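First comes the structure, then the notes that go with it.
No lab work stands behind these numbers, since they all come straight from the coordinates. Bear in mind the structure is a predicted one, so any value in this text is a computation, not a measurement. All Cβ positions, even for glycine, are placed from backbone atoms using ideal geometry, and neighbour counts span all protein chains on display.
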Amino acid sequence: MTKQKSTIPSFQPIDSSILGDYAVVDYQVRVYSKVYYAIRELSGLIAKRSLSEAFDWNDFKERFSHDFGKVQEKRFSLQQLLEYANRKFGKTLEDLLLLNQLSWQRRQKYAEIAKLNSRSRVI
């Protein structure tokens, strides 16, 4: 009995570098930034509630990046961020992704309102 050579080619990963500027960022990278920003927003909202008038978003963002690092640094793993969000806020990955999506929608709405307001001032 002789072994036949398999006609199925061996697995070769696709080289996405050929796409250049059109390459899609890995799923883990996209999810990491969404989780990072959702945690930052949740933490900021809690701080804002407790500090009320004394709260400053820019100062908070600076302090947050001091503790958590900047999103590009990835000081903590995605798993560590998810565990932190679960323990601190009781949020799952799905909750954080939804929160991030709602945050983007709010920011787009505010940007549109600001754009309309700036147009009306010009007129």
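Observations, loosely collected:
- Prolate/oblate/rounded call for segment 12-123, Cα gyration tensor, a/c under 1.5 rounded: oblate
- Working note: 222 nm ellipticity from helices only, DSSP H runs with n ≥ 4, each -39,500 (n - 2.57), summed and divided by the residues of the chain, gives -22000 deg cm²/dmol to the nearest 500.
- Nearest 10 degrees, 0 to 90: helix 93-122 Cα axis against the chain principal axis: 50
- For the chain, size of Cβ-based charge dipole, Lys and Arg +1, Asp and Glu -1, in debye: 220
- Relative contact order of the chain, defined on C-alpha pairs under 8 angstrom at six or more residues apart (%): 29
- The label point for Asp59 and the one for Gln72, both projected 7 Å from the Cα toward the Cβ, are 2.7 nm apart.
- Among Leu19, Leu97, Leu42, residue whose mean-square fluctuation peaks in a GNM of the chain (springs only between Cα atoms under 10 Å): Leu19
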